[in-house]
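The values are calculated or read from the model by the stated rules, or taken from the named source; none is laboratory data. From a predicted model like this one, the values you see are computed outputs, not experimental measurements. Please note: Cβ atoms are built from the backbone with ideal geometry, for glycine as well, and neighbour counts cover all protein chains shown. Heads up: the accessible areas ignore ligands, DNA and RNA and are worked out on the full protein's heavy atoms, side chains in. Shrake-Rupley method; radii C 1.70, N 1.55, O 1.52, S 1.80 Å.
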Amino acid sequence: MTGMIGESCASSPDPARPDLRNDRENTDATCENERRTRVAIHQPHYWPWSGLIDKIDRSDHFVMLDTVQFERRGWQNRNYISGTGEPVLLTVPVVQESRSELIRDKKIDNTRKWREKHYRALAEHCYRKAPYWSDHKEEIAHLYESEWEDLSDLAIATTRLLLRGFGIDTPILRAGELGDFPGTKSELLAQICAKVGADTLISGNGARGYLDPEILRRYGVEVEWQDFRHPRYPQHTRKATETFVPRLSAIDLLLNAGPNSLHVLRQARTGT
């Protein structure tokens, strides 16, 4: 999690020393960067992918945007996991009412036996032989033994499980619990940033087409683009000669890399 001030910010080189002036300027820039309070904002996703986990890891606060419209055929109630052949899509059935339903109001259709199906896919068909399945199987089993009514609660629970596994302690907030925000799109994000006291919004590159940085600047918020680089790691369902399968749920990285998962994620970020 970013935003901590290290010893390098405690003192600067002597400004009277011309030979150290560049070092001082670089140190000042680094300190200013570290003093920023970063927030990431995203809709709740069921078993989110590594890109969202990476965004949360970069942030001082993460806000679940549960006050926007539920997106049909989106990723709020489904994601892919690794199969022995093609990836397997896990979809949580939801009650279809109004098209204008908010995510926080979306109910799960528990007339369908989705919990048993999803757990069996994880435990028997996809990850039974994964290197770190035994480390997480009890917590995953408990998640599917629990009864869920609200989709947002389930999505957040899967996110928290992954964050614990990765060792990420970024606090999670819900937009619906922060208050009412009259803005939409960029202004909504700016208002949420202001509410949590953040001066930097971490945004994925997919938002470049619609996010308006000028609106955020009016609220004193700068945009920091995530520029996510997908990590590559050995997948137990793929032979060394087979092509790596990207964009799966981050549970794939966790169960294949275990306690090394966060290092793998951060190493891809730096390109080393």
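Among the listed residues ALA141, ALA121, identify the single one that is touching a helix residue (DSSP H, G or I) at 6+ places or on another chain (Cβ under 7 Å) and either of a type in the set (Gly, Ala, Ser) or outside any helix (DSSP H, G or I) (or both).
ALA141
Of the residues that sit in region 214-243 and are at pLDDT 95 or above and out of contact with any helix residue (DSSP H, G or I) (no Cβ under 8 Å at 6 or more places or on another chain), which one is surrounded by the most Cβ atoms within 10 Å (Cβ to Cβ)?
If we take residues in region 214-243 being at pLDDT 95 or above and out of contact with any helix residue (DSSP H, G or I) (no Cβ under 8 Å at 6 or more places or on another chain), then GLU224 is surrounded by the most Cβ atoms within 10 Å (Cβ to Cβ).
For ASN256, all conditions in the list (1) in contact with a Ser or Thr (Cβ under 9 Å, 6 or more places away or on another chain); (2) surrounded by fewer than 16 Cβ atoms within 10 Å (Cβ to Cβ); (3) closer than 26 Å to LEU89 by Cα hold save one; what is the number of the exception?
Condition not satisfied by ASN256: (2).
Search region 193-208 for residues being aliphatic (A, V, I, L, M) and either in contact with a Cys (Cβ under 6 Å, 6 or more places away or on another chain) or assigned to a loop (DSSP other than H, G, I, E, B) (or both), and hand back the single one that is farthest from ASP54 (Cα to Cα). Break it down into steps so the answer makes sense when it comes.
Applying the first criterion (aliphatic (A, V, I, L, M)) to region 193-208 yields 194, 196, 198, 201-202, 207.
Checking the rest, the ones that are also either in contact with a Cys (Cβ under 6 Å, 6 or more places away or on another chain) or assigned to a loop (DSSP other than H, G, I, E, B) (or both) come to 198, 201.
Values: ALA198: 18, LEU201: 14 Å.
This residue is ALA198.
Residue under question is THR184, and the condition is that it be surrounded by fewer than 20 Cβ atoms within 10 Å (Cβ to Cβ), closer than 23 Å to TRP49 by Cβ and more than 14 Å from the chain's Cα centre (by Cα); does it hold?
no
Within region 82-110, can you find the residues that are open to solvent by 20 Å² or more (accessible area, probe 1.4 Å), under 15 Å from CYS126 (Cβ atoms) and part of a loop (DSSP other than H, G, I, E, B)?
THR84, GLY85, GLU86, PRO87
Answer yes if at least one residue in region 141-153 is open to solvent by less than 30 Å² (accessible area, probe 1.4 Å) and touching a strand residue (DSSP E or B) at 6+ places or on another chain (Cβ under 9 Å), and no otherwise.
yes
Considering only residues that are open to solvent by 40 Å² or more (accessible area, probe 1.4 Å) and in a strand (DSSP E or B), which ones fall in region 43-81?
Result: TRP49, HIS61, GLN69, ARG78, TYR80.
Taking region 150-188 on its own, how many of its residues are assigned to a helix (DSSP H, G or I) and either in contact with a Leu (Cβ under 6 Å, 6 or more places away or on another chain) or over 13 Å from ASP66 (Cα atoms) (or both)?
14
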